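Report on one structure; see the data block that follows.
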Amino acid sequence: MGGSGGTDSTIGNGSTGGTSPTAGSGGMTTIGGSAAGGAVSSEYSMIDDMENPDPYILAMDGRVGYWSLANDGTKGTQTPIPMTMSQILPSPRGSSTYALHTTAMGYTLNGAQVDVDLNRKAAVRATYDASPYVAIHFWAKAAATNPALHVAMPDIHTDPSGATCAVKPQQCYAHFAADRTLTTDWAEYTVAFSDLNQLGWGMNGNITFDAAQMYAINFSWDTRAMDLWVDDLAFVKK
């Protein structure tokens, strides 16, 4: 999963789960959990400030959805249970007192991931129009320096929910993505839509990322252990 984008060909979306563990169609087992309030900003549209200790994103700018976990189904361990995705920070980060916290270890095939759907009510997933934005922005850190964080944005072309990815050439799970290296200190990260690329089997599809028909945001990593904190996930406005 190195380089500037793409995703491993055997890693699934992870956002196709429900409120109980189910088998994902891309080889990942998914665990799932739609909304609260939020602040207004001229620069950002907040997806989730994590200040409510639950899996639901903020009900802002037409979004409704929740966080879920996914992994490759081998005998590893992943935390937390979905209803406690947001956990209190050991030390506040400025005015922030909660952040998303997830750990994973022992997976031997493709690793694990955490996902957030942007337009999902119960089992019904739909696309979200992210065309008013140019990027996503978030704060993150890891327990150990980890170069493997893979940030993917499933859209109408690559997510099986779109029912278009199975046509030739195959595009299912070939999500547009970019990689970021985390450190043990809190830092800001921006992933511009213009940063996104496909690797592997998706590269010859002659398609481009469609922000107007976006399903989710996925944070994934390889089989190395990960202890990941994410906070203040937002879209960057044009």
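Numbers at a glance
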| item | result |
| --- | --- |
| Rounded Å value of the spacing that divides the Cα centres of region 97-115 and region 168-238 | 15 Å |
| Neighbourhood net charge (14 Å Cβ-Cβ; Lys/Arg +1, Asp/Glu -1) for Tyr56 | -3 |
| Residues Phe193, Phe235 arranged by fewest to most Cβ contacts within 10 Å | Phe193, Phe235 |
| Label-reachable residues, region 41-83, where backbone N falls under 15 Å from a point 7 Å from Leu89's Cα toward its Cβ | 48-53 |
| Per-residue HN-Hα couplings for region 121-126 [Karplus 6.51, -1.76, 1.60; θ = phi - 60°; Hz; x = Gly/Pro] | 10, 6, 8, 8, 9, 9 |
| Total formal charge among the other residues, if their Cβ is under 12 angstrom from that of Ile156, Lys/Arg +1 and Asp/Glu -1 | -3 |
| For region 89-105, 3J(HN,Hα) per residue [Karplus equation, 6.51 cos²θ - 1.76 cosθ + 1.60, θ = phi - 60°, Hz, x = Gly/Pro] | 6, x, 9, x, 9, x, 8, 7, 10, 10, 8, 5, 9, 9, 10, 7, 7 |
| Neighbourhood charge, 9 Å Cβ-Cβ cut-off, centred on Ser131 and excluding it, Lys, Arg +1 and Asp, Glu -1 | -1 |
| Region 42-181: C-alpha gyration tensor shape, a/c 1.5 cut-off, then a/b vs b/c | oblate |
| J(HN,Hα) series, region 230-236, from Karplus relation 6.51 cos²θ - 1.76 cosθ + 1.60, nearest Hz, glycine and proline x | 9, 9, 6, 6, 8, 8, 9 |
| Selection of chymotrypsin sites (Phe, Trp or Tyr not before Pro), region 108-145, meeting DSSP coil and at most 16 other Cβ within 10 Å | none |
| Lys, Arg +1 and Asp, Glu -1 on Cβ, resulting dipole of region 22-237 about Cα centre, debye, nearest 20 | 440 debye |
| Partner aspartates and glutamates for Lys238 [C-alpha distance under 15 Å; skip if fewer than 8 residues away on the same chain] | Glu43, Asp61, Asp129 |
| Neighbour-count order for Thr183, Thr164, fewest beta carbons within 10 angstrom listed first | Thr183, Thr164 |
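Read the figures in this text as sums done on the coordinates, not as results from a lab. From a predicted model like this one, the values you see are computed outputs, not experimental measurements. FYI the Cβ positions are ideal-geometry reconstructions off the backbone, even for glycines, and counts take in every protein chain you see.
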